[in-house]
Amino acid sequence: MIPARFRGLYRPAFLVVLALVLASIPLWAPRFWIYIATQALIFAIFAMSLDLLVGYAGLPSFGHAAFYGVGAYACALLALGHIDGLVPLLLAGMLGAGAVALPIGALSLRTSGIYFLMLTLAFAQMLWGLAVNWTSLTRGTDGLIGIPRPTLPWLDSLKVSLYERGPFFFLCLVIAIAVFVLLETVARSPFGRTLEGIRENDRRMRALGFPTFRYRLAAFVLAAMVAGIAGSLAAMSNGFATPDLLYWTVSGLALIAVVVGGSRSLVGPALGAFVVLFAQLGLSTYVDRWELLLGALFIAFVLFLPRGLAGLVRRA
Amino acid sequence: MDVLNLAHGSFYMIGAYTAYTVVLATQNFWLALLVAPILLALLGAALEVVFFRRLYRHGHLPQVLMTFGFTLVFVDLIRSRFGPTTRAIPPPPGLGGAVHLANATFSSYSLFVLGIAIVIAALLVIGWRLTRLGVVLRAGVADKEMAGLLGIDLPRTFTFTFAFGAALAGLAGVIAAPEFAIYPGMDANVLILALVVVVIGGLGSIEGALLGAAVIGLGYVIGATFFPQFAIGLIFALMAAVLIFRPSGLLGRRS
């Protein structure tokens, strides 16, 4: 038995081991798997941002892919406009997603629960329709292609390029860890605690003098901005941005990642993102009807593990 | 029922493909109109009893995720059976022509759809307001425990209602089949429109859904006529306007 006084170290120790394992991937994994791990990291950032909404603020958004997609398009448009540099491109994705999230959040948050879920879904599908139809800006279903990755002067001097898989993977890993630390800090801050209070009892928090609508809206926009970062990275990683990024199945996959991993833990949804992505990829490599099996897998998860993988750990 | 079923669009899609299969095999549209609702009622009842029933007490999120899983399963099944291409069926014999009414020309199939829609809408409103089932259902949604204590067999009522809803979605799919394209992905399109309609009209109100459908239908057609690229934008604006002034929908109860 491990003495009880070490219990508090489980999580930090697990996180350090996880980060080290992830960081070692480019050293031993085949090239193709480095690419997949990069995609999974980007999706993990996206899932963590959704966990802030679903887990901490108790806002079940089914339209989070909208901000992922808007982030990707904002980054793509800027990069195709010959603007180079990591910071401006990530900022574009972040601010673009945040700017779209502000009105959508302000409208959707006038409702709650099942209404909120349906509304976010409807708004996101409308943005998808816009991405398909506004061809002069988005080139419709063809999407924006040939998006360059940024160059970093200090990396250039080391003769390292982000077009190589290893360095780009590390970039995503660093950003994922930064996002994790940021969201963890937010969740533990007075702001995060207030959000949890609002989730549990909105009326009481209002009676205590908290402007609950503004807190929710702030959480909504913050989550969207983080999703925008993930979207920018996706645009850089793929080299293209298509309306598919905004499609409702992407929102659904992210929600599945959150629930599979266990909401309100941040690590859980990040791991859930890996599970979902590898399940999708593993199935689609070996089976023709992989979507069918993926759907069946999700149904089984909801039936047998409603609290996710993190729920298993917590029960033990 | 206070259940959010994302697979409802799938029922509509399955209805349309049933129509396609039946019409291809027998050339008989009316048979499809009979077969599809029965098939979907059975499917809906089976899904409710085996899967969804377990989730009512867990809140909305698990329902949403499970029904999302089912949409993936259904769309892939359809794709494996019929392929990704768009299909079409002709309107039933006798309804392929046009009708002249008051200086305007209508396709007779559109008029037929309008007629069916009015009949079904009237039956739904009457059923919801005046029949025993309607009362039981409203009571069950308002307060499950109390309704159960009063001796109402809620599980059976819910199964029946779910099956009925699935049958209606299937019927809609059959009716839509000669008018619109049949393709895997039509489920998502119709689902989003249905969600918008219900949000605008107000949850738990049949009349609200009818009103919402009228608003969205008109909005969409007007938008498509005057600025086709952004027809969806007009729906967006309509929905925003309703939400600003009546957050619980045009005819919804205030929460």
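Each reported figure results from applying straightforward, stated rules to the coordinates on display, with no laboratory input. Just so it is clear, the structure is predicted and the values come from calculations on it, not from any experiment. For neighbour counting, all protein chains shown are included, and Cβ atoms are generated from backbone atoms with ideal geometry for every residue, glycine included.
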1/(1 + (r/R0)^6) with r = Cβ-Cβ of A:Arg193 and A:Leu20, R0 = 30 Å, i.e. FRET efficiency to nearest 0.05, evaluates to 0.45
Spin-label model distance (nm) - A:Trp134 vs B:Thr131, 7 Å beyond Cα toward Cβ:
4.6 nm
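Got the relative contact order for the stretch B:51-129 handy, in percent, Cα pairs under 8 Å and 6 or more residues apart?
13 percent
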Only Cα pairs within less than 10 Å get springs; with that Gaussian network setup on chain A, which residue of A:Phe43, A:Phe191, A:Phe220 has the largest fluctuation?
A:Phe191
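Enumerate the helices in chain A for which the Kyte-Doolittle hydropathy averages -0.5 or more and the C-alpha atoms extend at least 18 Å along the helix's axis, using complete DSSP H runs.
A:10-28, A:31-51, A:65-80, A:86-108, A:114-133, A:165-188, A:212-238, A:248-261, A:267-286, A:290-304
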Can you give the convex hull volume per residue for the Cα atoms of the stretch A:1-135, as a whole number of Å³?
183 Å³
Top of A:Tyr286, A:Tyr247, A:Tyr35 by mean-square fluctuation, Gaussian network on chain A, Cα under 10 Å:
A:Tyr286
Build a GNM of chain A with springs between Cα atoms under 10 Å: which of A:Leu50, A:Leu155, A:Leu277 gets the top mean-square fluctuation?
A:Leu155
Let me know the charge dipole size of the protein assembly as shown about its Cα centre in debye, to the nearest 20, where only the beta-carbon of Lys, Arg (+1) and Asp, Glu (-1) is charged.
1500 debye
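Within 10 Å of each Cβ in peptide B:195-202, how many partner chain Cβ atoms are there on average? Round it to a whole number, please.
3
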Among B:Thr159, A:Thr242, which comes first, then next, by fewest other beta-carbon atoms within 10 Å?
B:Thr159, A:Thr242
Report the equivalent ellipsoid semi-axes for chain A in whole Å, largest first, defined as the square roots of five times the eigenvalues of the gyration tensor built from alpha carbon atoms.
29, 25, 21
Taking R0 as 25 Å, what's the FRET efficiency between A:Ala178 and A:Phe213 from their Cβ-Cβ distance, rounded to 0.05?
0.30
So if R0 is 45 Å, what FRET efficiency would B:Ala98 and A:Arg110 give, r being the distance between their Cβ atoms, rounded to the nearest 0.05?
0.50
What nm value, rounded to one decimal, do you get for the distance between B:His58 and A:Ala300 when each label is placed 7 Å out toward the C-beta?
1.5 nm
Need one number: convex hull volume per residue for the protein assembly as shown, Cα atoms only, in Å³.
183 Å³
Quick check: pseudo-label points 7 Å beyond the Cα along Cα→Cβ at A:Phe32 and B:Glu207, how many nm apart are they?
6.1 nm
Test item: A:292-300 mean partner chain Cβ contacts at 10 Å:
6
